[in-house]
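One structure is given here, and the rest of the page talks about it.
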Amino acid sequence: MSGKHDHKAFEGHMHDFEAHIRAVEEDLEYYRAKRFEPRIIYLIRRGVVTFSDLLKARVALKRNNQFFKPRKPQGKNIEARVRYLEEWLDAYVKGIALVSARAVEAMDMVTEDNRKERGDYDDFFKIQKKEHHGTLEERMVNLEQDLKDYQGLLEVFVQALIKRGWSTREQLQQRWQQLHEERPWAGGVIVAKAWTDPAFKQALLSTGREALREMGVHQGKVGKLVVVENTDKVHNVIVCTLCSCYPYDILGDTPWWYKHESYRTKIVQNPRACVRDMFGLEVPASKEVQVYDSTSDVRYFVLPQRPAGTEGMSEEELAKLVTVDSLIGAGYALEPLQQKKAEKLGATPEAPRVRPD
Amino acid sequence: MESTNRKYKIGDAVMVAVENPTGNPRTPHYIRGKRGVIGAVHGLLENVRDHRNIHNPLYTVRFDLSEVSTCHDQDSIWVDVHEEWLSELRLEERN
């Protein structure tokens with residue numbers, strides 16, 4: 001990763017096609033090489049499926065049997081094509097979540113199994129990621145082909161699971177429906193409440209998930225939740241240098257750069273330079289940067305400072321100022337004018353995807 | 001879930017082991033052999049979706065950035081470390 005174009009505070013800006021394509025490329029390779037293929041290998045090792053099952057499923061697969069229905073881009077312009085690739089990636093990620101859920105149940109898998117299998121602790125096991133080159137046009141054409149190929153394997157894997165009796169089409173369809181209804185992004189409402197309700201803020205900082213339960217927000221279930229507060233003296237940043245632990249059960253899918261080797265390495269070597277170079281964030285010298293490396297059973301997010309000029313705003317309006325970046329420490333919460341501008345450009349805080357764990 | 005049986009308390013100076021004492025791999029290399037201070041005590045935590053069994057008590061250890069990196073900014077890195085990786089730092093080792 002080099003240069004300031006890798007990631008910007010308003011990554012959702014549709015006019016920055018390069019950034020969008022980069023995000024799809026990085027995420028697609030991440031999910032293939034870290035989430036899907038290691039899982040297949042794990043299941044092959046244990047005889048849940050075999051290579052032969054996959055081959056047979058491939059041969060037997062008829063068009064009307066396909067689980068994932070291919071779509072078409074809504075228009076020929078570049079924006080429509082970029083959105084199409086993003087939606088396709090989203091379907092791929094959900095597809096992995098779908099088969100993973102079955103695999104987890106069938107094999108009693110835990111996340112730690114997958115970390116070993118995908119080489120988080122031993123480079124020997126790592127699956128090589130593809131590198132991307134060429135013009136924007138060439139990269140988009142390549143992405144279409146990759147998505148087609150990768151989804152093809154996913155499709156075959158689903159057929160093999162059904163064929164081997166690990167799941168039924170009905171079960172999978174039901175789960176598929178659920179995956180489209182789940183929306184775990186609760187960052188905005190949590191922060192807005194903490195900004196307006198001092199008792200809640202205190203509870204959130206001292207009890208984590210317990211405070212969320214009282215608030216009625218789904219409180220997630222992975223590990224202990226710790227919320228760290230930004231102040232005039234401290235700017236907090238979150239990372240997981242071992243893999244990419246993240247409170248996805250509350251904040252939704254992880255941004256691609258959070259999982260990227262470059263961020264995970266640099267943020268603990270030189271935090272100020274890292275947030276400046278990657279996110280354009282200058283942390284004033286008056287603040288100490290505190291980086292939290294979530295290496296075990298604690299999941300963190302940052303309580304950003306309430307921006308200036310937000311007096312009298314409702315919780316609902318305040319919630320819109322909260323970006324994913326600001327909850328990781330890669331940015332500040334938006335000022336009202338910034339938010340208006342971002343909204344105009346179609347860059348609302350993303351509703352992140354469901355993550356396959 | 002939290003245990004009352006913890007070896008360290010907030011403010012204790014500790015040293016991270018260089019070698020893996022039990023096989024739990026979740027201590028990153030850049031803090032091994034480094035000195036820090038206990039910043040938070042979490043005790044025993046259950047995380048059934050993540051791993052089997054319960055690990056030893058967990059702490060958040062605060063490291064000066066300059067202890068774990070060549071950067072000399074007055075910033076800090078806070079890392080979650082399990083008890084078996086830590087040892088008490090003797091006075092003369094603290095400097």
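Being within 24 Å of the chain's Cα centre (by Cα) and part of a helix (DSSP H, G or I): is that true of A:Q159 here? Here the answer is no, as A:Q159 does not meet what is asked. Do we have A:S52 as small (G, A, S) and modelled with pLDDT under 85 here? For A:S52, the condition - small (G, A, S) and modelled with pLDDT under 85 - is not met.
A:K69 meets all of the listed conditions (1) part of a helix (DSSP H, G or I); (2) closer than 22 Å to A:L161 by Cβ but one, namely (1).
Quickly run through the range B:5-41 and pick out the residues that are within 11 Å of chain A (Cβ to nearest Cβ) and more than 19 Å from A:Y292 (Cβ to Cβ).
B:N20, B:G23, B:N24, B:P25
So, of the residues in the range A:299-326 that are of a type in the set (D, E) and part of a helix (DSSP H, G or I), which turns out to be surrounded by the most Cβ atoms within 10 Å (Cβ to Cβ)? That would be A:D325.
Checked against (1) among the aliphatic types (A, V, I, L, M); (2) touching a Lys or Arg at 6+ places or on another chain (Cβ under 9 Å); (3) within 27 Å of A:R45 (Cβ to Cβ), A:L204 passes all but a single condition, namely (3). What single numbered condition from (1) under 17 Å from A:V298 (Cβ atoms); (2) away from chain A (no Cβ under 11 Å); (3) more than 9 Å from the chain's Cα centre (by Cα) fails to hold for B:H51? Only one criterion is unmet by B:H51, namely (2).
For every residue, the table says whether it meets (1) at pLDDT 95 or above; (2) surrounded by fewer than 18 Cβ atoms within 10 Å (Cβ to Cβ); (3) of a type in the set (F, W, Y).
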{"residue": "A:H260", "(1), (2), (3)": "no, no, no"}
{"residue": "A:P271", "(1), (2), (3)": "yes, no, no"}
{"residue": "A:M278", "(1), (2), (3)": "no, no, no"}
{"residue": "A:S286", "(1), (2), (3)": "yes, yes, no"}
{"residue": "A:V289", "(1), (2), (3)": "yes, no, no"}
{"residue": "A:Y292", "(1), (2), (3)": "yes, no, yes"}
{"residue": "A:D297", "(1), (2), (3)": "no, no, no"}
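Just to verify a result, which residue in the range A:104-115, among those that are in a helix (DSSP H, G or I) and surrounded by 15 or more Cβ atoms within 10 Å (Cβ to Cβ), is farthest from the other protein chains (Cβ to nearest Cβ)? Residue satisfying both the conditions and the ranking: A:A106. Considering (1) within 12 Å of another protein chain (Cβ to nearest Cβ); (2) surrounded by fewer than 16 Cβ atoms within 10 Å (Cβ to Cβ); (3) in contact (Cβ under 8 Å) with a residue 40 or more places away in the chain, the lone condition that A:T196 does not fulfil carries the number (1).
Candidates in the range A:270-314 are the residues that are of a type in the set (F, W, Y) and at the interface with another protein chain (Cβ under 10 Å from one of its Cβ atoms); of these, the one that is farthest from B:H29 (Cα to Cα) is A:Y300. When the range A:213-227 is filtered for residues that are of a type in the set (G, A, S) and within 14 Å of chain B (Cβ to nearest Cβ), the ones remaining, listed by number, are A:G220, A:G223.
Of all residues in the range B:61-70, none satisfies being more than 9 Å from chain A (Cβ to nearest Cβ) and at pLDDT below 95.
So if I check each of A:E282, A:E288, which one is free of Cβ contacts under 8 Å to residues at least 24 places away in the same chain and not aromatic (F, W, Y)? Give the derivation first.
Numbers: A:E288 fails: free of Cβ contacts under 8 Å to residues at least 24 places away in the same chain.
After applying the criteria, what remains is A:E282.
Condition check ((1) within 20 Å of A:A91 (Cβ to Cβ); (2) assigned to a loop (DSSP other than H, G, I, E, B); (3) at pLDDT 90 or above) across all residues:
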{"position": "A:H5", "(1), (2), (3)": "no, no, no"}
{"position": "A:H15", "(1), (2), (3)": "no, yes, no"}
{"position": "A:H20", "(1), (2), (3)": "yes, no, no"}
{"position": "A:L28", "(1), (2), (3)": "yes, no, yes"}
{"position": "A:Y31", "(1), (2), (3)": "yes, no, yes"}
{"position": "A:F36", "(1), (2), (3)": "yes, no, yes"}
{"position": "A:L43", "(1), (2), (3)": "no, no, no"}
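Does A:R175 count as in a helix (DSSP H, G or I), in contact (Cβ under 8 Å) with a residue 40 or more places away in the chain, basic (K, R) and surrounded by fewer than 20 Cβ atoms within 10 Å (Cβ to Cβ)? For A:R175, the condition - in a helix (DSSP H, G or I), in contact (Cβ under 8 Å) with a residue 40 or more places away in the chain, basic (K, R) and surrounded by fewer than 20 Cβ atoms within 10 Å (Cβ to Cβ) - is met.
Here A:H235 meets each of (1) surrounded by 23 or more Cβ atoms within 10 Å (Cβ to Cβ); (2) more than 21 Å from B:T60 (Cβ to Cβ); (3) in contact with an Asp or Glu (Cβ under 9 Å, 6 or more places away or on another chain) with one exception, condition (2).
Here is a yes/no grid of residues against (1) hydrophobic (A, V, I, L, M, F, W, C); (2) touching a residue at least 40 places away in the same chain (Cβ under 8 Å):
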| site | (1), (2) |
| --- | --- |
| B:V14 | yes, yes |
| B:G39 | no, no |
| B:N53 | no, no |
| B:F63 | yes, no |
| B:V79 | yes, yes |
| B:L86 | yes, yes |
| B:L89 | yes, yes |
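When B:G43 is tested against (1) at pLDDT 95 or above; (2) in contact with an Asp or Glu (Cβ under 8 Å, 6 or more places away or on another chain); (3) under 15 Å from B:I10 (Cβ atoms), exactly one condition is not met: (1).
Taking the residues in the range B:80-90 that are in a strand (DSSP E or B) and under 15 Å from B:I10 (Cβ atoms) as candidates, determine which candidate is farthest from the chain's Cα centre (by Cα). Among them, the one singled out is B:E88. One residue is enough: does the range A:120-142 have a residue meeting the conditions part of a helix (DSSP H, G or I), out of contact with any Lys or Arg (no Cβ under 6 Å at 6 or more places or on another chain), surrounded by 21 or more Cβ atoms within 10 Å (Cβ to Cβ) and polar (S, T, N, Q)? For the range A:120-142, residues part of a helix (DSSP H, G or I), out of contact with any Lys or Arg (no Cβ under 6 Å at 6 or more places or on another chain), surrounded by 21 or more Cβ atoms within 10 Å (Cβ to Cβ) and polar (S, T, N, Q): absent.
Applying the set (1) surrounded by 20 or more Cβ atoms within 10 Å (Cβ to Cβ); (2) not in a helix (DSSP H, G or I) to A:V217 leaves exactly one unmet item: (1).
The values are calculated or read from the model by the stated rules, or taken from the named source; none is laboratory data. Worth saying up front: this structure is predicted, and the values here are computed from it rather than measured. Using ideal geometry, Cβ is built from the backbone for each residue, glycine included, and neighbour counts are taken over all protein chains shown.
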